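Enquirer: Here you go, one structure.
The values are calculated or read from the model by the stated rules, or taken from the named source; none is laboratory data. Note that the structure is a prediction, hence the values are computed from the model and not measured. Methodologically, a virtual Cβ is constructed for each residue, glycine included, from the backbone with ideal geometry; neighbour enumeration extends over all protein chains shown.
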């Protein structure tokens, strides 16, 4: 049983808003481009320098430095894209239902992304808000963290046999964990779980750990939903919390995301959304994989 499966997630996932930033080529786009400074033209239609600059910035964010070679490659790419789109328009492909639907979706995505960027730009987070969030997290992180090992097995009798072996020689914990533990996440390391907050574990595990003295192991198997554990407490220490300035940037992003989520939730709550068709035909599992027939 993997450690991650019996640890309880303690940090709620922050909202992640992924909006497609497609940029369809149509007559209005090319008209706008022709009014701006042109980096190139294709059959008389301009490719604006602003568009090239935008793609250069995207590549720079990925670690590719601005250079004449990069700009030429981008212009070549945009030229070919424009050329092919011109041929597609000649064939009337820009008027097909499928393409029109994609253009409409891309437009919605771009405009929605503009709303998000505008909100983030014009809704700054004050230091007071950040410090309040810091104090909130700080209070949740109070207490101690522990360094422990464990051995996880399926049967209580097996756990008791291992405990009997440990009573004879407590130093055998690591070797016994490597031999018997069913937790692949810690088995190879002799049951080592590293440092952790016991509140991040399933309740039975955390409660048993809190009763242990340093260097002692549980004299009775600890039953959880994952099986039976033998737990060894190696050490404990007060939690250390990074200073405010060290986590300020991350907090700012987190608070902005939380505030954005509230705005989006409010928009959704006020909107009239009707799901017309959401049913998806069920896909039957292969016969050999059906739980009801597994033991037949």
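Enquirer: Within the range 229-252, track down each residue that is touching a residue at least 24 places away in the same chain (Cβ under 8 Å) and more than 30 Å from residue 208 (Cα to Cα).
Expert: Residues of the range 229-252 touching a residue at least 24 places away in the same chain (Cβ under 8 Å): 229-239, 241, 244, 247-248, 251-252.
Listed by number, the residues that qualify are 244, 247, 248, 251, 252.
Enquirer: Right, here's the next one. If you scan the range 128-171, which residues turn out to be over 23 Å from residue 194 (Cα atoms), in contact (Cβ under 8 Å) with a residue 12 or more places away in the chain and within 27 Å of the chain's Cα centre (by Cα)?
Expert: Within the range 128-171, 129, 130, 131, 133, 134 meet the criteria.
Enquirer: Right, another one. Search the range 34-49 for residues being out of contact with any strand residue (DSSP E or B) (no Cβ under 8 Å at 6 or more places or on another chain) and exposed (fewer than 14 other Cβ atoms within 10 Å of the Cβ), and hand back the single one that is modelled with the lowest pLDDT.
Expert: Narrowing the range 34-49 to residues out of contact with any strand residue (DSSP E or B) (no Cβ under 8 Å at 6 or more places or on another chain): 35, 42-45.
Then keep just the ones that are exposed (fewer than 14 other Cβ atoms within 10 Å of the Cβ); that gives 35, 43-44.
Numbers: 35: 47, 43: 95, 44: 93.
Within the range 34-49, the match that is modelled with the lowest pLDDT is 35.
Enquirer: Is the range 210-228 home to any residue that is in contact (Cβ under 8 Å) with a residue 12 or more places away in the chain and assigned to a helix (DSSP H, G or I)? Step through it out loud before you land on a result.
Expert: Of all residues in the range 210-228, those in contact (Cβ under 8 Å) with a residue 12 or more places away in the chain come to 210, 212-228.
With assigned to a helix (DSSP H, G or I) added as a condition, the list becomes 210.
Yes, that holds for at least one residue.
Enquirer: Would you confirm, using the coordinates I've provided, whether residue 267 is loosely packed, with under 11 Cβ neighbours inside 10 Å, farther than 30 Å from residue 216 by Cβ, modelled with pLDDT of 95 or more and not assigned by TED's automatic domain parsing to the domain that holds residue 175?
Expert: On the way: loosely packed, with under 11 Cβ neighbours inside 10 Å: yes; farther than 30 Å from residue 216 by Cβ: yes; modelled with pLDDT of 95 or more: yes; not assigned by TED's automatic domain parsing to the domain that holds residue 175: yes.
Yes: the conditions hold for residue 267.
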